[in-house]
1. Confirm whether residue 92 is modelled with pLDDT under 95 and either buried (at least 23 other Cβ atoms within 10 Å of the Cβ) or closer than 30 Å to residue 271 by Cα (or both).
2. Quick one: residue 155 ticks every box in (1) of a type outside the set (S, T, N, Q); (2) in a strand (DSSP E or B); (3) modelled with pLDDT under 95 except a single one, so which number is it?
3. Yes or no: residue 201 surrounded by fewer than 22 Cβ atoms within 10 Å (Cβ to Cβ), touching an Asp or Glu at 6+ places or on another chain (Cβ under 9 Å), closer than 24 Å to residue 165 by Cβ and among the hydrophobic types (A, V, I, L, M, F, W, C)?
4. Restricting to helices (runs of 4 or more DSSP H) lying wholly in the range 41-122: which have 1 or more residues that are hydrophobic (A, V, I, L, M, F, W, C) and closer than 30 Å to residue 136 by Cβ?
5. Does residue 220 fit the bill of being polar (S, T, N, Q) and in contact with a Ser or Thr (Cβ under 6 Å, 6 or more places away or on another chain)?
6. Just one of 150, 135 is farther than 20 Å from residue 212 by Cα, at pLDDT 95 or above and surrounded by 15 or more Cβ atoms within 10 Å (Cβ to Cβ); which is it?
7. Among the residues of the range 146-158, are any among the hydroxyl-bearing types (Ser, Thr, Tyr) and under 26 Å from residue 191 (Cβ atoms)?
Amino acid sequence: MPSNTIPRRTFLAFSATLPFALRARAASSIPVGLELYSVRKELQRDPQATVRVVAKMGYQCVEFYAPYFEWSEDETKQMRKLLDDLGIRCFSTHNDHTYMTADNITRAADKNRILGCKYVVMASSKPGPGLDGWKTVAEALNSADEQLQKSGLHAGYHNHEPEFTPVDGGRPMEVIAKNTKPSIMLQLDVGTCLKAGSDPVAWIRANPGRIRSLHLKEWSPDPAKGYSVLFGEGIADWKDIFAAAESVGGAEYYLIEQEGSRFSELETADRCLQTFRAVHPK
């Protein structure tokens, strides 16, 4: 894991265009974090420096994605020390479905335990055909959860568009929810839910206590924009989404996610956070 800082020119340019980036983080009863896929180029270049900048913006937690799985034990411990030094948390990681198989679940559990996580989230899956194929995904999640509990962890599942796209008269996400244990978190990606034509508020209310984290990703029906709009610029009704997540869903933390925008990765992350603070000030 590189220990160099982000190039001085890059950081100064970022700071100059975003003077509010150094603003002290506001207190919030539910932490807001960043899914680090949002800053994947910076993270690949220098993980520790990127996490430092993200924490400086005011994010209270982060979510690492697939590349973390290749870290050595020492690299993982270094990252945990950095998180502790910065006073931020990593509540969950995103994982390929292969990371949660019998061959890899011990490695995943060890790394997530070191990072201080609560959930090991399956962020990709390989279902068989039809709705019945999604039952195999549910079975894999139940099996992984059983193993993860030995390390004080739980499994989670992160939806993309296909999970909310009707198949054989039903939605795959309904199969996942119905056939997994209540201990398994259903992490809601708002943007992909919206793109599939589903109602995120209705989904939260249909699964009380299981929507323990949400990816705050926007969606614009304008094909030229899609997921590239910033938080607050799409069609998501965040007021109602937050109300449902906190009153019914059991939300424990929020994660802003951006697949790309008209701004740099770091500026995008900061702008989204400032808008979140305005929309969700408490």
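1. Details: modelled with pLDDT under 95: no; either buried (at least 23 other Cβ atoms within 10 Å of the Cβ) or closer than 30 Å to residue 271 by Cα (or both): yes.
No.
2. Single failed check for residue 155: (3).
3. Working: surrounded by fewer than 22 Cβ atoms within 10 Å (Cβ to Cβ): yes; touching an Asp or Glu at 6+ places or on another chain (Cβ under 9 Å): yes; closer than 24 Å to residue 165 by Cβ: yes; among the hydrophobic types (A, V, I, L, M, F, W, C): yes.
Judged against the criteria, residue 201 is a match.
4. Numbers: elements: 47-57, 73-86, 105-115.
The helices (runs of 4 or more DSSP H) meeting that bar are 105-115.
5. No: the conditions fail for residue 220.
6. On the way: 150 fails: surrounded by 15 or more Cβ atoms within 10 Å (Cβ to Cβ).
After applying the criteria, what remains is 135.
7. So in the range 146-158, the residues among the hydroxyl-bearing types (Ser, Thr, Tyr) come out as 151, 157.
Pick out the ones that are also under 26 Å from residue 191 (Cβ atoms) and you get 157.
Yes: the range 146-158 contains one or more residues that are among the hydroxyl-bearing types (Ser, Thr, Tyr) and under 26 Å from residue 191 (Cβ atoms).
For (1) among the acidic types (Asp, Glu); (2) on the phi > 0 side of the Ramachandran plot; (3) in contact (Cβ under 8 Å) with a residue 24 or more places away in the chain, each residue gets a yes or a no:
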site: 61; (1), (2), (3): no, no, yes
site: 83; (1), (2), (3): no, no, yes
site: 94; (1), (2), (3): no, no, yes
site: 99; (1), (2), (3): no, no, yes
site: 107; (1), (2), (3): no, no, yes
site: 113; (1), (2), (3): no, no, yes
site: 130; (1), (2), (3): no, yes, yes
site: 140; (1), (2), (3): no, no, yes
site: 146; (1), (2), (3): yes, no, no
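The values are calculated or read from the model by the stated rules, or taken from the named source; none is laboratory data. All of these numbers come straight from a predicted model, not from anything done at the bench. Please note: Cβ atoms are built from the backbone with ideal geometry, for glycine as well, and neighbour counts cover all protein chains shown.
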